[in-house]
Amino acid sequence: SNRRMRPDKNTYEGKRSVYVKNPYLDAMDEDILYHLDLGTKTHNLPAMFGDFVCVGGSPNRMKAFAQFMHKELQLEGDGEGIEDICAGTDRYCMFKTGPVLSISHGMGIPSISIMLHELIKLLHHARCCDVTIIRIGTSGGIGIAPGSVVITDIAVDSFFKPRFEQVILDNVVTRSTELDKELATDLLNCSREIPNFPTLIGHTMCTYDFYEGQGHLDGALCSFSREKKLDYLKRAYKAGVRNIEMESTVFAAMCGLCGLRAAVVCVTLLDRLESDQINLSHDVLVEYQQRPQLLISNFIKKQLGLC
Ligand code: R2B
Ligand code: URA
């Protein structure tokens, strides 16, 4: 399928631009993207155009992904010396290989949300169109084999509701967490071509905390029983949740509002109905973490007509 052929509601001649919804931005003479150490006066942002944007928590993993893409796209050089575009800050890192931008977002909703505000402005200032953005990450599975890859159809909160509650001043604004269904299906189809690659589409639950918020019995604080934990996770499973992570709701909400075609692809490191501690060997952990990268690389190559 060719994503450029898709008719789209909010397009100009088939092109879907990146929206910012802030009346103050136009009036600004310069926009400093503080946490990325980039700015409209200091950098030629349109030259940083990217069709595909991949985000993930860890800086090293996002660098490894950029190097992997460099190899897969058969770009010149070995990709080892790839430069961090955000080298002036150690909050986030950003790499560009061909049409692919690879950016780290740290852990949790506040961290990814700050990065997304600045990334979306960057894409807007760069006049990018038809952007596909994919979060590749890790997660805890519910009732599925560790190593399975979950493509999110809808991100839900801790109450299994498809919503993200943004506190704005002292108001709570509820935003939709829907992701691009066609993109999710395309990714699932793509996964079927990779041998021994267990992949499924399911709901992803996004929490504000790794330990108490996800029913872990192994945090510094734990005030609930094993039975309560299992009861909660089983109710999540019944509601369609197949994995738990910490960024998908705000990612879906912000990308949806700003006109980005978005997907969330996370590997599960354990089955939370079985355990809480991640005790995989280093090699297995590395291999699991490469699974979303492999899927996205195959997907991008397909989109570019390279395979
Ligand atoms: C998945 O893994 C991280 C916590 O270990 C968090 O960023 C997430 O969403
Ligand atoms: N990431 C999470 O958020 N939860 C897990 O259980 C594993 C990885």
Return the sequence-ordered ³J(HN,Hα) values of region 214-222 in whole Hz as given by the Karplus equation 6.51 cos²θ - 1.76 cosθ + 1.60 applied to θ = phi - 60°, using x for Gly and Pro. 10, x, 6, 8, 10, x, 6, 10, 7
Two-decimal log10 I(q)/I(0) for region 13-78, as the Debye equation yields it once each C-alpha is a single scatterer, q = 0.23 Å⁻¹: -1.21
I need the shape label for region 215-307. Rule: rounded when a/c is under 1.5, else prolate if a/b > b/c, else oblate, with a, b, c from the alpha carbon gyration tensor. oblate
For Asp26 and Lys181, what is the calculated FRET efficiency with R₀ set at 45 Å and r taken between the beta-carbons, to the nearest 0.05? 0.85
Can you list the HN-Hα couplings for region 257-266, worked out from phi with the Karplus curve (6.51, -1.76, 1.60; θ = phi - 60°), rounded to whole Hz and with x for Gly and Pro? 5, 9, x, 9, 6, 10, 9, 10, 10, 10
Net charge near Tyr237, counting Lys/Arg +1 and Asp/Glu -1 over other residues with Cβ under 14 Å of its Cβ? +3
Using just the Cα positions, wrap region 71-205 in a convex hull and report its mean projected area in square nanometres, one decimal place. 11.2
Quick one: which residues, 5 or more positions from Gly39 or on another chain, have an amide H under 5 Å from its amide H? H modelled 1.01 Å from N in the peptide plane, none for Pro or chain starts. Leu33
Which one, Val172, Val131, Val149, has the greatest fluctuation when you compute a Gaussian network model over the chain with C-alpha springs under 10 angstrom? Val172
If Lys and Arg each add +1 and Asp and Glu each add -1, what is the summed charge of the other residues whose beta carbon sits under 13 Å from the beta carbon of Pro292? +1
Kindly identify region 162-229 as rounded, prolate or oblate by the Cα gyration tensor criterion: order the square roots of the eigenvalues as a ≥ b ≥ c, call it rounded if a/c is under 1.5, otherwise compare a/b with b/c, prolate if a/b is larger, else oblate. oblate
For a distance above 28 Å, tell me the whole-number percent of Cα pairs in the chain that qualify. 38
Shape category assigned to region 84-147 from the gyration tensor of Cα positions, a/c cut at 1.5: prolate
Net charge, Asp78 excluded, C-beta distance under 15 Å - Lys, Arg +1, Asp, Glu -1: -2
Give me a comma-separated list of calculated 3J(HN,Hα) values for region 15-23, in order, Karplus coefficients 6.51, -1.76, 1.60 applied at θ = phi - 60°, integers in Hz, x for any Gly or Pro. 9, 10, 8, 8, 9, 10, 10, 8, x
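Throughout, read-outs are computed from the coordinates displayed, never taken from laboratory work. Treat the numbers as computed from the prediction; the structure is a model and nothing was measured. Virtual Cβ from ideal backbone geometry, glycine too; neighbours counted across all protein chains shown.
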